[in-house]
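The values are calculated or read from the model by the stated rules, or taken from the named source; none is laboratory data. Just so we're clear, the structure is a prediction, and the values are computed from it rather than from any experiment. Quick reminder, even Gly has a Cβ in these numbers, built from the backbone with ideal geometry, and neighbours come from all protein chains shown.
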Amino acid sequence: MNNSILLEVKNLQVYFPVFGGVFQKKVAEVKAVDGVSFTIHRGETFGLVGESGCGKTTVGRAIINVLTHVSPDVHIGGEILYHDKDGTVHNITKLSSSAMKVFRSKIQMIFQDPYSSLNSRLSVKQIISEPLEIHEPQLSQKEVEDKVLWLLEKVGLQPEYANRFPHEFSGGQRQRIGIARALATNPELIICDEPVSALDVSVQAQVINLMEDLRDEFGISYLFIAHDLSVVHHISNRIGVMYLGNMVEVGMADEIYFYSKHPYSKALLSSVPIADPKQKGKQRILLQGDIPNPLNKPSGCSFRTRCPIAIDDCANHTPQLLNISDTHSIACPYSIS
Ligand SMILES: Nc1ncnc2c1ncn2[C@@H]1O[C@H](COP(=O)(O)OP(=O)(O)O)[C@@H](O)[C@H]1O
Ligand SMILES: [Mg+2]
């Protein structure tokens, strides 16, 4: 990891329309992401954590700019700034498909479910060559084949597997195929959306080790989305914690894992069974109630309805991230000490 910035997400907002009534008019908005900011440096892994439904996947999909394909009426606000190596900065929030093409090769995404994310009718060779054919049309068939075999080797799969189909592989092997496919275009950033959540624990470690080796070899950055905090702590340099569409805490991986300050991060972390001596004797905080419906977010601080230290005033102000050190910031004025 070095200090040069690769991606800057500034005050990102993603509001999905909700339609209803006989005329299917827009009746409400789901504020899936409501003013999220963070930065990813070159060669860094930035972990994004939070309960299901807090907006993690939506952040990832906003970065690869596919949200308008799913919901044409989605509102996307804020900026996503991609910094080229030569210092040029591009706002990629609202690019057309053709303008986005160059960034599609630099930013790839891998998904939680390696079963449904690979086209089952294509052979491994076809799956991995597809992005090459799109982004490097100048390559000869032989060059594409050579690159496919090289990629298979890089992700720890035998070259003989190239002609097999996804159903012939285990979950871990399929995730390796997904990684090879993502690597094909020499990306600078890979967005990993719960990449190991569907795998057995023993296989998870192997895939995580592979991802770390690839990061070190190729200098890739990862946005690593997960709800398993111990996995995120292991792989990430820095971590951001999200709650109902907002970032509530950002810091170095150890700052978040061992010394979190925001009451939500503390509760999230104390739900993880950790066999770590630093955590011994720490009080477990149980979250009260369910996560509110994002259509009906509480005013002010949206965590206040479940927060053990909330006061009346929390209903009146949406807390902003405040720096408590050069690396650590929290969105709760009552937890700074
Ligand atoms: N295409 C969509 N249309 C409407 N609502 C959506 C859409 N995608 C996600 N949402 C809503 O946005 C919120 C955040 O979802 P998501 O980003 O998938 O969360 P996470 O990945 O953290 O589980 C959820 O309330 C979800 O229902
Ligand atoms: Mg998700």
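Quickly run through segment 181-237 and pick out the residues that are of a type in the set (Ser, Thr, Tyr) and closer than 19 Å to VAL250 by Cα. Reasoning before the result, please.
Our first condition is that a residue be of a type in the set (Ser, Thr, Tyr); within segment 181-237, this holds for 185, 197, 202, 221-222, 230, 236.
Matches in segment 181-237: SER221, TYR222, SER230, SER236.
In segment 15-38, which residue that is of a type in the set (Gly, Ala, Ser) and part of a strand (DSSP E or B) is farthest from ligand 2 (Cβ to nearest atom)?
Let us first name the residues in segment 15-38 that are of a type in the set (Gly, Ala, Ser), namely 20-21, 28, 32, 35, 37.
Adding the requirement that they be part of a strand (DSSP E or B) leaves 20, 28, 32, 35, 37.
Numbers: GLY20: 24, ALA28: 21, ALA32: 10, GLY35: 19, SER37: 19 Å.
Per the stated criteria, the residue is GLY20.
In this structure, is GLY43 within 16 Å of ligand 2 (Cβ to nearest atom), over 13 Å from GLY240 (Cβ atoms) and surrounded by 14 or more Cβ atoms within 10 Å (Cβ to Cβ)? Walk me through it before giving the result.
On the way: within 16 Å of ligand 2 (Cβ to nearest atom): no; over 13 Å from GLY240 (Cβ atoms): yes; surrounded by 14 or more Cβ atoms within 10 Å (Cβ to Cβ): yes.
No.
Looking at segment 173-198, which of the residues that are in contact with a Gly (Cβ under 9 Å, 6 or more places away or on another chain) and within 16 Å of ligand 2 (Cβ to nearest atom) is farthest from ARG238 (Cα to Cα)?
If we take residues in segment 173-198 being in contact with a Gly (Cβ under 9 Å, 6 or more places away or on another chain) and within 16 Å of ligand 2 (Cβ to nearest atom), then ALA198 is farthest from ARG238 (Cα to Cα).
Only one residue in LEU244, LEU210, LEU223, LEU268 is more than 20 Å from LEU12 (Cβ to Cβ) and within 16 Å of ligand 2 (Cβ to nearest atom), so which one is that? First the steps, then the outcome.
Details: LEU244 fails: more than 20 Å from LEU12 (Cβ to Cβ); LEU210 fails: within 16 Å of ligand 2 (Cβ to nearest atom); LEU223 fails: more than 20 Å from LEU12 (Cβ to Cβ).
LEU268 is the lone residue from the list that is more than 20 Å from LEU12 (Cβ to Cβ) and within 16 Å of ligand 2 (Cβ to nearest atom).
Rundown of residues vs (1) in contact (Cβ under 8 Å) with a residue 12 or more places away in the chain; (2) of a type in the set (Lys, Arg); (3) in contact with a Pro (Cβ under 8 Å, 6 or more places away or on another chain), yes/no style:
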position	(1), (2), (3)
VAL124	yes, no, yes
PRO131	yes, no, no
GLN138	no, no, no
GLU145	yes, no, no
LEU149	yes, no, yes
GLU160	no, no, no
PHE165	yes, no, no
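List the helices (runs of 4 or more DSSP H) inside segment 39-113, counting only whole elements, that have at least 1 residues being over 28 Å from GLN175 (Cα atoms), more than 16 Å from the chain's Cα centre (by Cα) and away from ligand 1 (no atom under 11 Å from the Cβ). Working first, answer last.
Details: elements: 56-63, 67-70, 97-106.
Where helices (runs of 4 or more DSSP H) fall fully within segment 39-113 and carry at least 1 residues being over 28 Å from GLN175 (Cα atoms), more than 16 Å from the chain's Cα centre (by Cα) and away from ligand 1 (no atom under 11 Å from the Cβ), they are 97-106.
Among the residues of segment 63-76, are any under 30 Å from ASP254 (Cα atoms) and of a type in the set (Asp, Glu)? Quick ask: steps written out before the conclusion?
Let us first name the residues in segment 63-76 that are under 30 Å from ASP254 (Cα atoms), namely 63-64.
Next, only the ones that are of a type in the set (Asp, Glu) stay: none.
Scanning segment 63-76, I find no residue that is under 30 Å from ASP254 (Cα atoms) and of a type in the set (Asp, Glu), so the answer is no.
Going by the structure shown, is GLY21 more than 16 Å from ligand 1 (Cβ to nearest atom), without any contact (Cβ under 8 Å) to a residue 24 or more places away in the chain and out of contact with any Pro (no Cβ under 6 Å at 6 or more places or on another chain)? Full working, then the answer.
Details: more than 16 Å from ligand 1 (Cβ to nearest atom): yes; without any contact (Cβ under 8 Å) to a residue 24 or more places away in the chain: yes; out of contact with any Pro (no Cβ under 6 Å at 6 or more places or on another chain): yes.
It is true that GLY21 is more than 16 Å from ligand 1 (Cβ to nearest atom), without any contact (Cβ under 8 Å) to a residue 24 or more places away in the chain and out of contact with any Pro (no Cβ under 6 Å at 6 or more places or on another chain).
Note down all Cβ pairs under 6 Å where the first residue falls in segment 51-72 and is within 13 Å of ligand 2 (Cβ to nearest atom), the second is assigned to a helix (DSSP H, G or I), and they're at least six residues apart or on different chains.
Taking only residues 6 or more apart or on different chains, the pairs are ARG61/LEU67.
Tally up the residues in segment 165-197 that are surrounded by fewer than 18 Cβ atoms within 10 Å (Cβ to Cβ) and outside any helix (DSSP H, G or I), please.
Qualifying residue count, segment 165-197: 5.
So the check is Cβ under 9 Å with 6+ separation or different chains; which pairs have a first residue in segment 219-248 that's free of Cβ contacts under 8 Å to residues at least 60 places away in the same chain and a second one that's buried (at least 23 other Cβ atoms within 10 Å of the Cβ) and outside any helix (DSSP H, G or I)?
The qualifying pairs are ASP228/VAL49; ASP228/VAL196; VAL231/GLY47; VAL231/VAL196; VAL231/PHE224.
For segment 103-154, which positions are hydroxyl-bearing (Ser, Thr, Tyr), at pLDDT below 95 and under 15 Å from ILE179 (Cα atoms)?
Matches in segment 103-154: SER105, TYR115, SER116, SER117.
Considering only segment 212-260, state which residues are assigned to a strand (DSSP E or B) and either hydrophobic (A, V, I, L, M, F, W, C) or surrounded by fewer than 21 Cβ atoms within 10 Å (Cβ to Cβ) (or both).
Going residue by residue through segment 212-260, those that are assigned to a strand (DSSP E or B) are 221-225, 238-243, 246-252.
Matches in segment 212-260: LEU223, PHE224, ILE225, ILE239, VAL241, MET242, MET247, VAL248, VAL250, MET252.
Going through segment 132-156 one residue at a time, which ones are of a type in the set (D, E, K, R) and under 20 Å from GLY172 (Cβ atoms)?
Going through segment 132-156, the residues of a type in the set (D, E, K, R) turn out to be 133, 136, 142-143, 145-147, 153-154.
If the condition is that a residue be of a type in the set (D, E, K, R) and under 20 Å from GLY172 (Cβ atoms), then GLU153, LYS154 are the ones that fit.
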